[in-house]
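Everything below concerns the one structure shown next.
The values are calculated or read from the model by the stated rules, or taken from the named source; none is laboratory data. A quick note: this is a predicted structure, and the numbers were derived from the prediction, not measured. When we count neighbours, we look across all protein chains shown, and the Cβ atoms used for this are built from the backbone with ideal geometry, even at glycine. Surface areas here come from the heavy atoms of the whole protein model, side chains and all, with no ligands, DNA or RNA. Shrake-Rupley method; radii C 1.70, N 1.55, O 1.52, S 1.80 Å.
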Amino acid sequence: MEWETVIGLEVHAQLATKSKIFSGAPTAYGAEPNTQACAVDLGLPGVLPVLNKEAVRMAVIFGMAIEAHIAPYSVFARKNYFYPDLPKGYQISQMDHPIVGVGHLDIDVDGVTKRIGVTRAHLEEDAGKSLHENFHGLTGIDLNRAGTPLLEIVSEPDMRSAKEAVAYMRKLHELVRYLGICDGNMQEGSFRCDANVSVRPKGQVEFGTRAEIKNINSFKFVEKAINHEVERQIELIENGGRVVQETRLYDSVKDETRSMRSKEEANDYRYFPDPDLLPVIIDEDFKAQIKAALPELPEAKKQRFKSDYNLDEENATILISSRQLADYFENVVNASGCEAKLCANWITGDLSAALNKAGLEITDSPVSDERLAGLLTRISDNTISGKIAKQVFEELWQSTSSADEIIAEKGLKQITDSGAIEAIIDKIIADNQGQVEQYRSGKDKVFAFFVGQVMKAMQGKANPAEVNKMLKEKLQG
Amino acid sequence: MHTKTLLELGQSLRSGEFSSVELTQGFLDRIKQHQHLNAYITVTEAAALQNAQAADVRLANGTAELLTGIPIAQKDIFCTLDVKTTCGSKMLDNFTAPYNATVVEKFNQAGAVMLGKLNMDEFAMGSSNETSYYGAVKNPWDINKVPGGSSGGSAAAVAARLAVCATGTDTGGSIRQPAALCGITGLKPTYGRVSRYGMIAYASSLDQGGPMARSAEDAAVMLQTMAGFDEKDSTSVDLPVPDYCAGLNNSLAGLKIGLPKEFFGDGLNSDVAATLETAINEYRKLGAEIKEISMPNLKLAIPAYYVIAPAECSANLSRFDGVRYGYRCENPVDLADLYTRSRGEGFGKEVKRRILMGTYALSTGYYDAYYLKAQKIRRLISEDFKNALTEVDVIMGPVTPTTAFGIGEKMSNPIEMYLSDIYTIAINLAGVPALSVPAGFVGGLPVGLQIIGNYFAEDRLLNIAHQYQQVTDWHKHTPKGFE
């Protein structure tokens, strides 16, 4: 039988606020356990939550970016369950009235664009962490993360393969970083997802029973976990079994999912509106302010790069992959006045390769946009050749000098003085009469030999166009 | 010294008749002398004397406020920095907060001297102060009777002159009912008027702190310090605080008083009813017009309350899990054991009953039938009050159906206990302010008159109570043995 996979994702994006969603404690990652948790985060008696407006602003920014309905009235609710890293015994979340309603995100898979529905996105607080290692059979609790703002983004069950799920997650990842609302750091858990997976015979309208795979924190694992789960479900059904609704955990070491708890064992969360917090009212003014400050979104930027700079799809896609990279590109174009294609090629080529090798992000690039522009200007105006430019780039990477300083200091300036070039060419023709004969008898390949000889003699500094032109004339005699 | 009112004591302190240290020592001595009332859970003798000394400095250098140097006491539901806060529970017998409740902070700033922390029903759940882990509080008018609850320690301490005044909290009548049963003046402000920060939550949408004092005038002085917006409490209301003493002497001529017929039906003790009638007559003499009104949904208040309050408390009390602070059972074998035994051993019977009721009411399949239904009733009750208060200026009625009942009398029958709050609960559901003012005695036990006003009309309520206290002296009576 042919099977169809149905996938919906719940993505948790930690919002990049300075303080927590309901307290003034800082959200910075990696501090000593329990040093960034105040009385509110610890759930001490009598303390009260106060909503961080910045978290609301970020949720609304996200909603606008996916063209979603922004709820004029949203409500925080308590989700009740006991766990040691949940200090109050309930999580403050949103249930019936989420801040962001129905929206959508377009993904590209194998050259085809597909629209994925977003059901809702709501604000909630993160829990702390339970630490099971190094406590001699006991469990340690670190509440630094407790109260960190999360935006839970729930998709429609619109994805039909693990590949689509990954494309959706990547697109979302790119978007939240673009908007500056999430640092997207997956190792630190700033961006993670739960996947709802089911299978059904191809052509069947009803969904199959789904399993929820919890807490997947890399693109690679999303793909593997879903593929594994799909195989498991198909095998189970084909062997006469039945998929049960349950929560499963993905074990990346064994590459398998295993049952965590069944529907029967699931908590009854007993949601009800949190009486400590007022409903969140969002008016048109607030929305208008946010709309005005909304950055250009990736898709619009890509189209603009293609039309304004004549970039091809590939370069445009790479350059808009982060807002910082796109800004870098535009700064280089503006500062150098060079052809955009030259700038794009250098950034996606040599610069990206060097950054990858050094494990650096564009924001940490040792070669600033201004210094790279200085180099590209000198290629454009023929001061140096492309080959010499690579040498200058290496120096730019190592030093803090400008391209012009490096060119001057190392004497790399291209020679365009035709007299000097002519003298060299004459000498080389005189010294290599055998090759001249070959060329003149029709062996065009020998031309490259002459170019090489001339460049070697001039230490690469000759203007290649000039050399070609002059050589052709002289060789033809 | 202890017979004087707050304002009189303030004058004596400022004129140098006696010092705050002398006054504080006098109250500390009385607390020791009348320990059998069990009004205090913690007495902070050393800190009180130290703060009295500091107050004397302010009194001497002219920076004193009305409350500077006045010995007061806090209900043990308000968190106090460096002083144990138990909420009347074994669960918090070992708990000291690293912060002051906003209310406590405000009294400290004003220079009031805290004598200690007052006994209360466990987590404010109770109407008799018998659910306290620290034992029942006795009513100073008759030590075999309850003082009411949950602010029973506060009411008993003020009535017995073991503090000049005290704070209380009121979720379904917990200020007004004990004030009535102990013959003092107690005000539950509008929901949102007084910050709840640092006040241990029972039912967050109903809880409200307020003053408990000997007179409306003293209560006005206290409320002046307690009221106001607090950025740490999102449900506190950002409205200016009026001068509560300024209008105390306003005339009551033309005041329209509504008497809901639902308040004066079956269930109200006839002697209490007669006492209230006399009190209402006093208002007639003061120029008020009396009108019978109807509030048809009042009868639904108790069932609605006993869904909403337990539902909120079931979540509010989840944090007491034995993990981070508070009571933890001995040698838990695993996490489930840690939770079940810590909570099973740390909470008393009434608290457990309400957690169970609330958990049930919020469960899948019951939420609509209980919680949502109760919220609808709550809106209907609020409408009743809004409608009535367009017709009349204030509503008057009983605070309690009877005078103080015997210790142990209702402990085995929770429904009967819940019914003792039948006249006070609707006010919390609506969120309006109400106060209890001493209006006479039945069989030697005090009777309270309840005065209910519109949102944020505390100044009007205090004015109406104060005018009554100008023509009556019920509030000046002192229980025997405590003169």
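Here are the numbers for this structure:
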| item | result |
| --- | --- |
| Segment A:30-39, residues that are buried (at least 21 other Cβ atoms within 10 Å of the Cβ) and within 13 Å of chain B (Cβ to nearest Cβ) | A:ALA37 |
| Test result for A:TYR83, open to solvent by less than 50 Å² (accessible area, probe 1.4 Å), within 30 Å of B:THR235 (Cβ to Cβ) and of a type outside the set (A, V, I, L, M, F, W, C) | no |
| Total residues in segment A:283-297, condition of a type in the set (Lys, Arg) and either within 14 Å of chain B (Cβ to nearest Cβ) or open to solvent by less than 90 Å² (accessible area, probe 1.4 Å) (or both) | 1 |
| Test: residue in segment B:180-199 that is within 14 Å of another protein chain (Cβ to nearest Cβ), assigned to a loop (DSSP other than H, G, I, E, B) and either within 23 Å of B:THR24 (Cβ to Cβ) or of a type in the set (D, E, K, R) (or both) | yes |
| For A:THR257: the one exception among (1) without any contact (Cβ under 8 Å) to a residue 40 or more places away in the chain; (2) over 27 Å from A:MET95 (Cα atoms) | (1) |
| Residue list for segment A:142-174, filter: farther than 27 Å from A:GLU4 by Cβ and surrounded by 21 or more Cβ atoms within 10 Å (Cβ to Cβ) | A:LEU143, A:ASN144, A:ARG145, A:ALA146, A:GLY147, A:THR148, A:PRO149, A:LEU150, A:LEU151 |
| Hey, A:LEU42 under 26 Å from B:THR102 (Cα atoms), out of contact with any helix residue (DSSP H, G or I) (no Cβ under 8 Å at 6 or more places or on another chain) and at the interface with chain B (Cβ under 9 Å from one of its Cβ atoms) or not | yes |
| Top-ranked residue of segment B:58-93 - restricted to ones that are small (Gly, Ala, Ser) and part of a loop (DSSP other than H, G, I, E, B), ranked as nearest to the other protein chains (Cβ to nearest Cβ) | B:SER89 |
| Hits in segment A:342-386 - residues which are among the charged types (D, E, K, R), closer than 27 Å to A:MET458 by Cα and surrounded by fewer than 13 Cβ atoms within 10 Å (Cβ to Cβ) | A:ASP381 |
| For A:ALA389: the one exception among (1) within 18 Å of A:LEU342 (Cβ to Cβ); (2) surrounded by fewer than 20 Cβ atoms within 10 Å (Cβ to Cβ) | (2) |
| Verdict on A:THR27 being touching a residue at least 24 places away in the same chain (Cβ under 8 Å), more than 10 Å from chain B (Cβ to nearest Cβ), more than 30 Å from A:THR209 (Cβ to Cβ) and among the hydroxyl-bearing types (Ser, Thr, Tyr) | yes |
| Qualifying residues in segment B:119-164 (those that are part of a helix (DSSP H, G or I) and more than 20 Å from B:PHE482 (Cβ to Cβ)) - the one nearest to the chain's Cα centre (by Cα) | B:ALA124 |
| Verdict on B:ARG353 being more than 30 Å from B:VAL437 (Cβ to Cβ) and away from chain A (no Cβ under 14 Å) | yes |
| Top-ranked residue in segment A:86-106 [being among the hydrophobic types (A, V, I, L, M, F, W, C) and crowded, with 18+ Cβ neighbours inside 10 Å; ranked as farthest from A:SER155 (Cα to Cα)] | A:LEU86 |
| Members of segment A:153-191 found to be of a type in the set (Lys, Arg) and either within 16 Å of A:ASP108 (Cβ to Cβ) or at pLDDT 95 or above (or both), listed by number | A:ARG160, A:LYS163, A:ARG170, A:LYS171 |
| Test: residue in segment B:52-75 that is under 19 Å from the mean Cα position of the chain (by Cα), on the phi > 0 side of the Ramachandran plot and open to solvent by less than 10 Å² (accessible area, probe 1.4 Å) | no |
| Filtered residues of segment B:304-339 (kept if hydroxyl-bearing (Ser, Thr, Tyr), assigned to a helix (DSSP H, G or I) and within 11 Å of chain A (Cβ to nearest Cβ)) | B:SER314, B:SER318, B:TYR339 |
| Criterion (in a loop (DSSP other than H, G, I, E, B), away from chain A (no Cβ under 14 Å) and open to solvent by 40 Å² or more (accessible area, probe 1.4 Å)) met by exactly one of B:LEU248, B:LEU268, B:LEU239, B:LEU252 | B:LEU239 |
| Test set (1) within 14 Å of chain B (Cβ to nearest Cβ); (2) touching a residue at least 12 places away in the same chain (Cβ under 8 Å) - A:GLY137 fails condition number | (2) |
| Every pair of residues 6+ apart whose Cβ atoms lie under 9 Å, when the first sits in segment B:383-394 and is more than 15 Å from B:THR190 (Cβ to Cβ) while the second is assigned to a helix (DSSP H, G or I) | B:GLU383/B:ALA430; B:ASP384/B:LEU298; B:ASP384/B:ALA426; B:ASP384/B:ALA430; B:ASP393/B:ARG460; B:ASP393/B:ILE464 |
| Residue in segment B:273-294 that is among the acidic types (Asp, Glu) and open to solvent by less than 70 Å² (accessible area, probe 1.4 Å) present | yes |
| Contacts under 8 angstrom Cβ, first residue in segment B:439-453 being on the phi > 0 side of the Ramachandran plot, partner in a loop (DSSP other than H, G, I, E, B), 6 or more apart | B:GLY443/B:THR403; B:GLY444/B:TRP141 |
| Answer residue from segment A:68-90, given it is in contact (Cβ under 8 Å) with a residue 40 or more places away in the chain and away from chain B (no Cβ under 11 Å) and is nearest to A:SER130 (Cα to Cα) among those | A:VAL75 |
| Matching entry among B:LYS291, B:LYS232 (being touching a residue at least 24 places away in the same chain (Cβ under 8 Å) and either within 14 Å of chain A (Cβ to nearest Cβ) or part of a helix (DSSP H, G or I) (or both)) | B:LYS232 |
| Any hit, segment A:232-250, residues being within 14 Å of chain B (Cβ to nearest Cβ) and not acidic (Asp, Glu) | no |
| Residue match in segment B:334-354 (condition: open to solvent by less than 70 Å² (accessible area, probe 1.4 Å) and in contact with a strand residue (DSSP E or B) (Cβ under 7 Å, 6 or more places away or on another chain)) | no |
| Residue check for B:ASN100: within 14 Å of chain A (Cβ to nearest Cβ), outside any helix (DSSP H, G or I) and within 20 Å of the chain's Cα centre (by Cα) | yes |
| Subset tally (residues that are part of a loop (DSSP other than H, G, I, E, B), open to solvent by less than 80 Å² (accessible area, probe 1.4 Å) and away from every other protein chain (no Cβ under 14 Å)) for segment A:251-282 | 3 |
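Okay, residues lined up against (1) farther than 22 Å from A:LEU294 by Cα; (2) within 12 Å of chain B (Cβ to nearest Cβ); (3) of a type outside the set (Asp, Glu):
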residue: A:LYS53; (1), (2), (3): no, yes, yes
residue: A:ALA59; (1), (2), (3): no, no, yes
residue: A:ILE66; (1), (2), (3): no, no, yes
residue: A:ILE92; (1), (2), (3): yes, yes, yes
residue: A:ILE99; (1), (2), (3): no, no, yes
